[in-house]
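Beneath this line is the structure, given in structure tokens, with notes to follow.
Where a number appears in this text, it was derived from the coordinates with a stated rule and is not lab data. Please read these numbers as outputs of a predicted model, since none were measured by experiment.
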């Protein structure tokens, strides 16, 4: 069971994500019907650590085994979505593909769960400000390179 608490028009989410970086590019996912990218990951399940979550999510989404190589940051993320206000606690880890052949991947990957609208793309770190990313504070995290850090992002309008 995902750690998600719904109260009236408010939702509390606990989410874990991973930064996989190769050749000065970071792997992010995008819904082809939307105009922004986000980190790979998902909701933490009861009794599951955030590191276990990112390993499970990457395997479920793209069929690749990763190892968690470090901790990046915690992001308190506030935003509105579908008539609800969200308070999301996001744990961001660094990760690396386990298989040496997977470490050579540079092409766009497809979702293996049948989610045809999801794609996984490598974004150039030198041009990170040119991309639309949610939460936007991920750009700051990638540029500051001081880890671990704690960041608050508030996109409520």
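In table form, for the structure just shown:
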item: Hydrodynamic radius (Kirkwood) for the stretch 13-67, which is based on Cα pairs only, to one decimal in Å; result: 11.9
item: The stretch 78-100-the stretch 1-61 distance, computed between alpha-carbon centres (Å); result: 4
item: Alpha-carbon Debye profile of the chain, log10 I(q)/I(0) at 0.18 Å⁻¹; result: -1.21
item: Helix 50-62 vs. the chain, principal-axis angle (Cα, 0 to 90°, nearest 10); result: 60
item: Rg/Rg_globular for the stretch 92-157, with Rg_globular taken as 2.2 N^0.38 Å and Rg from C-alpha atoms; result: 1.35
